[in-house]
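Scroll down for the structure; my scribbles are underneath it.
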Amino acid sequence: MPTKAYSYIRISTKEQRKGRGEERQLEAAQAYAAQHGLDLDDSLRDLGKSGYHGDHVKSGALGRFIDLVATGQIAVGSYLLVENLDRLSRQTPIDAQAQFIALLQAGIKIVTLTDGQVYDCGRDFTQMIISLTIMSRGHEESARKSYNSKKNADALRKDMIAGLPRFLPQCVGWIDQIRIQGSKDCKFTLNEHAKTVQKIFELADQGVGPLKIARLLNEANTAPLKASSSKWWETTVIRILKNETAIGTLQVHDTVDGKLVPMGEPIPKYYPAAVSEEIFWRVQRNRSQVARTGRKGLKYANLFQMITRCVHCHGGLGLVRSTRNDFQYYRCKTRYEDKTCPGPKKMFPYTNLENSILDHVTDFYLDSKLGVTKTSVQRDVLVEEAQGVDDDLLDLEKRRKNAMSMAELADDDQTRLEFIARIRHLRGQIEQLKAKSNELRAAIGSIDDQASKLHDVSETIAAERALWKTGTDEEIFVSRSKVAQSIKRFVSQIQVDFALQTATIYVAGYTRIYLFDRAGTRIITLNNIEQPWDEIREMLIIDGATESQITVAKEAHSRLRAAA
């Protein structure tokens, strides 16, 4: 049986993969193995692994090979073929030499293909001196390149923090960078992908989730941002929705202990904006309030996800479709999953409930997303709400300023990183509140100037429902998701009693309560406008409402009291 030879190929960067480095190393190993009658294994490859930082040993193919040698799974007398010694390592000479000697002591013969040199334990000490010299030279070369690279990167970051337009290799796909001849400066312009980014934010603003957005883009054959990508992915959409570059903001980062750490304050208007700040921060605010939900189906079947509860066990409700007709029904998830719900084994007609809620939506609350009337939005309420937002902004700005002061006084890197993370979190909250403040003041201005026509919500709902009968799957999904998002802003919870076959709709917390039977007929209406908010809040907490639901209920409660 021929002796086994293992070809080890390493390429440090993605750019080097574009050349013939990998192919060249493999061809040399194949030629050597054929010439010496060796059985070649060419599976050891570290592509994009740094020999200077030791990534190829910590988490790469070479590290796995060394482990196999140490445990006796590689036969004594086997060959390790490398182009030259610096392919094995560019670490410090002591570390590189230790790995080198450990392989030789285990009976592995190391061959450098560029000069045909064979290293093994039987050779004289001169070989060790030569190998140490080669490894030292490789480390020094890498150290010099690393120093120059860091120096250039530091200069680039310094220029960008100063607001100078510089070329960034990792710039987003919807911005073109045009180098200005004879200068370090760049000119930034939006390209055709910017329209896709706008579409993504518009869909997200309407309540469409990242996964569905990716599907819609793929169905429309929308070109991905990168030419190397074949389709849109949910993770790609999420990254775009979180990226402040969409509003032209630049955040310069440095790498500390392998983690990206922001340097300085974000720089607004560094790049041309693809979307407005209002929609960007509104999307951030809405995304933070949306819990993970299940599959919504092709046409967004369930308008009331995350706000439905079983009266008997307070668990969530799931949707099932009848096999005999097009009707859909609610059932208790707890009873279905583990049978611990004390309620009866019955279902409740979802289709009737949806129709009833949409028929009575004007009675519930005239949400500004679907159309507002003069009686649903009172100027003084908006002014009071805007003042509250401004007060919260002042408080957050003060807390952020204190955190920045504490970060400067931190004695160790870990504490400083924690303060930096806190500062970034506070900034996100501040920007979201600023966007909300702008929305409120725009609404106030709209009332003052009578600049916009106010449409009755029932007319808008009727138009959306008409679309559900004739629209495409995509149109219906977007329309229903928009309606679902708006309903959650004033309907706090829907509780279904499977024993009595009734559904109770709680509007603005417990400010107004509506009871419907299984046919969708309204039975009772209770008005609790005079009930203090603190009591309503306690009931919401007992019923398991989330903080975001409580916040929305509080806003709706104050508006309803003002409109009474």
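Once phi is turned into ³J(HN,Hα) by the Karplus curve 6.51 cos²θ - 1.76 cosθ + 1.60 with θ = phi - 60°, what whole-Hz value does each residue of the range 63-73 show in order, with x for glycine and proline?
x, 5, 5, 4, 5, 5, 5, 5, 8, x, 8
Quick one: 3J(HN,Hα) in Hz for the range 464-481, Karplus 6.51/-1.76/1.60 with θ = phi - 60°, rounded, Gly and Pro as x.
Result, ordered by residue: 5, 5, 5, 5, 5, 8, 10, x, 6, 4, 5, 4, 5, 4, 4, 5, 5, 5 Hz.
In square nanometres, what is the average projected area of the Cα convex hull of the range 158-281?
Convex hull of Cα atoms, orientation-averaged projection: 8.7 nm².
In square angstrom, what is the accessible area per residue of the range 145-246 with a 1.4 angstrom probe?
59
If amide H atoms are built 1.01 Å from N in the plane of the peptide, which residues on other chains or at least 5 residues away come under 5 Å of the amide H of His314?
Those qualifying (amide H under 5 Å, at least 5 residues apart or on another chain) number zero.
Measure off, as a whole percent, the carbon and sulfur share of the 1.4 Å-probe accessible area of the range 155-227, all protein chains present.
Result for the range 155-227: 52 percent of the exposed heavy-atom area is carbon or sulfur.
Convert each backbone phi in the range 107-118 into a coupling constant with the Karplus relation 6.51 cos²θ - 1.76 cosθ + 1.60 (shift: θ = phi - 60°), then list the ³J(HN,Hα) values in order as whole Hz, x for Gly and Pro.
x, 8, 9, 9, 10, 9, 6, 5, 10, x, 6, 10
As a quick test, which of the pairs Lys333/Lys436; Lys231/Lys333; Lys242/Lys469; Lys187/Lys434 have an alpha carbon distance above 31 angstrom in this structure?
Lys333/Lys436; Lys231/Lys333; Lys242/Lys469
Hey, can you grab everything whose amide H is under 5 Å from the amide H of Asn528? Only 5+ residues off in sequence or another chain; H modelled, so Pro and N-termini drop out.
Residues meeting the amide H criterion: Arg512, Ile513.
Amide H neighbours of Leu40 under 5 Å, counting only residues 5+ apart in sequence or on other chains, H built in-plane at 1.01 Å?
Those lying under 5 Å, H to H, from Leu40 are Ala5.
The values are calculated or read from the model by the stated rules, or taken from the named source; none is laboratory data. These numbers were taken from a predicted model, which means no experiment stands behind them. Calculation scope for accessible area: heavy atoms of the full protein, side chains included, ligands and nucleic acids excluded. Shrake-Rupley method; radii C 1.70, N 1.55, O 1.52, S 1.80 Å.
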